[in-house]
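Colleague: First, the structure itself, so that you have it in front of you.
The values are calculated or read from the model by the stated rules, or taken from the named source; none is laboratory data. Since we're looking at a predicted model, the values are computed, not measured. Glycine gets a Cβ as well: all are built from the backbone with ideal geometry, and neighbour counts include every protein chain shown.
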Amino acid sequence: MPQEKKRGSEKMWGGRFSETTAASMEAYSESISYDSRLYKYDIAGSKAHAAMLAANGILSDEELHKITTGLSEIEAEIDAGTFTFKVELEDVHMNIEKALIDRIGPAGARLHSGRSRNDQVAVDFKMYLRDQCDFIVELLDGVRAAFVKLARWNLGAAMPGYTHMQRAQPVLISHHMLAYFEMFSRDRGRMKDCRRRLNLSPLGSAAMAGTGLPIDREMTAKALGFESWTRNSMDSSGDRDYALEFLSTCTMIHLHLSRLSEELVLWSTSEFDFVNLPDKFCTGSSIMPQKKNPDIVELMRGKTGRVVGSLMTLITIMKGLPLTYNRDLQEDKEPVFDAADTVSAGLSIIAELLTDLKFKKKRMDEATRIGCMTATDLADYLVLHNVPFREAHAIVGHAVAWCLDHGKELPDLTLEEMAQFSPVIGKDVYEVLSTEGSINSRVSYGGTSLVRVEEAVATAEKELGIQA
Ligand code: ARG
């Protein structure tokens, strides 16, 4: 008998190796320091796989029983914090499998039949993402409800609407709140889509070509709550589209959080002075005693960079990757975990902050009465009196210039003063020059009039199942 060469047998894959792994390689390639958080999914996946193997005669009932019990014990130890994850076992999959083999012996060594870590990691990651999608949808609903409540509580109150960050037209505060309701509602739809598309089980694709063992992909897919199973083993092994979709949806959510944060930062300045941010979400300055800084929303604006960065990270990883699985894919997890955590924290904080947000309604209303904000209404008035719109625009432009020169606002002008700009102006003009007149004239569908906004609030409340 030829002398058996000493193999790198301390690894689960060590049979063909004659050297032990370099310590630097081990440290560089491990993922257990972050993928351990997938353990519940990994164990659920293994249980489903084992039950399927038993149903197809690859495991005996006794072996299945040992595997299932062993996995439950390992899970309980991880839950309790008494399980030791080992870096030399690389990742969550091998840590759990090795612990199982150590615990139950040969039956444990049969578990990996007809499976590869490539389909195993994909099934774990998809189950994790499915839960994250559900969790984020729930949080989005909390934020949507907060906006609808703000819209309901502040019905009738006016504020300036802006374009180019210049005062444009008066609107209802509630209308502005419902604009965010729409944004976060679209995000909800995106998360739901993402979940639906990813909810196909990759388990049974094995390394990438499928397996010759008699497996039943339908059985594991159903046991793990998947809608169905993937159609192409090569695609399943190398696909991370679902993670990219999740990250792009997270990015969109955080862009919305960032725009909202920016508005809250602006509105809480002395220059705007539109809102009072709850003290519990602000900090003071260590040197300037008078200051109240809107740190939390500034951080939220800033953290958008992390989420966008996570999306960029995975896009860059995927670009140019040949089919099928490549170890590069291990780099998918940290950006996804970080984005999911960042978005979840942001959504729950903002829902809490919005609940306590107080608008300075008097001040916001006053702001609508400065800067000739009803100029468009005057132009529309002229149009209704048969003046072509372009001509009306010029007439109102002159009137605004006159106001600026004389330190007046449009509603301050007397009829005689109006007459110098157009002969068609009568005293009914004052109805459209006020903030209320302007707002309530905008009855077009989706407009800011009180009737339309009341309808929109009611529709949103109904959609969310909240009582008025
Ligand atoms: N830790 C690995 C990952 O996250 C698991 C899959 C490893 N597969 C392999 N063939 N090396 O991607």
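Colleague: Among (1) touching a Leu at 6+ places or on another chain (Cβ under 7 Å); (2) over 23 Å from Trp229 (Cα atoms), which single condition is Ala54 missing?
Modeller: Of the numbered conditions (1) touching a Leu at 6+ places or on another chain (Cβ under 7 Å); (2) over 23 Å from Trp229 (Cα atoms), the odd one out for Ala54 is (2).
Colleague: Still on this structure, please answer the following. Which of the residues that make up segment 142-192 are of a type in the set (Phe, Trp, Tyr) and over 25 Å from the mean Cα position of the chain (by Cα)?
Modeller: Trp153, Tyr162
Colleague: Continuing with this model, one more query. Within segment 203-218, work out how many residues are away from the ligand (no atom under 13 Å from the Cβ) and of a type in the set (Gly, Ala, Ser). Working first, answer last.
Modeller: Of segment 203-218, the ones away from the ligand (no atom under 13 Å from the Cβ) are 203-204, 209-218.
Filter again for of a type in the set (Gly, Ala, Ser), leaving 204, 209-210, 212.
Looking only at that region, the number is 4.
Colleague: Cβ-Cβ under 8 Å, sequence separation 6+ or interchain: first residue in segment 9-28 and more than 13 Å from Glu90 (Cα to Cα), partner assigned to a helix (DSSP H, G or I). Which pairs?
Modeller: Listed by first residue and then by second, the contacts come to Ser9/Gly15.
Colleague: In segment 386-405, which residues are surrounded by fewer than 12 Cβ atoms within 10 Å (Cβ to Cβ) and not in a helix (DSSP H, G or I)?
Modeller: Asn386, Pro388
Colleague: Also: Could you say which residue among Arg144, Arg130, Arg152, Arg115 is over 27 Å from Thr342 (Cα atoms), in a helix (DSSP H, G or I) and at pLDDT 95 or above?
Modeller: Arg152
Colleague: Do the conditions hold for Ser248, that is, is it hydroxyl-bearing (Ser, Thr, Tyr), in contact with a Phe, Trp or Tyr (Cβ under 8 Å, 6 or more places away or on another chain) and assigned to a helix (DSSP H, G or I)?
Modeller: Taking the combined requirement at face value, the residue does not satisfy it.
Colleague: Something else: I need the full set of residues from segment 402-432 which are under 20 Å from Pro170 (Cα atoms), among the hydrophobic types (A, V, I, L, M, F, W, C) and more than 46 Å from the chain's Cα centre (by Cα), in order please.
Modeller: Cys403, Leu413, Val429
Colleague: Restrict the check to segment 285-306 and report whether at least one residue is under 21 Å from the mean Cα position of the chain (by Cα), among the hydroxyl-bearing types (Ser, Thr, Tyr) and under 30 Å from Ser33 (Cα atoms).
Modeller: yes
Colleague: Now, a different point. Restricting to segment 214-224, give me the number of residues that are in contact (Cβ under 8 Å) with a residue 40 or more places away in the chain and out of contact with any helix residue (DSSP H, G or I) (no Cβ under 8 Å at 6 or more places or on another chain).
Modeller: Of the residues in segment 214-224, 1 are in contact (Cβ under 8 Å) with a residue 40 or more places away in the chain and out of contact with any helix residue (DSSP H, G or I) (no Cβ under 8 Å at 6 or more places or on another chain).
Colleague: Output the residues belonging to segment 147-186 that are within 27 Å of Cys250 (Cβ to Cβ) and of a type in the set (D, E, K, R).
Modeller: Correct list: Lys149, Glu182, Arg186.
Colleague: Find the residue count for segment 407-451, including only residues that are without any contact (Cβ under 8 Å) to a residue 60 or more places away in the chain, of a type outside the set (A, V, I, L, M) and not in a loop (DSSP other than H, G, I, E, B).
Modeller: The qualifying residues number 7.
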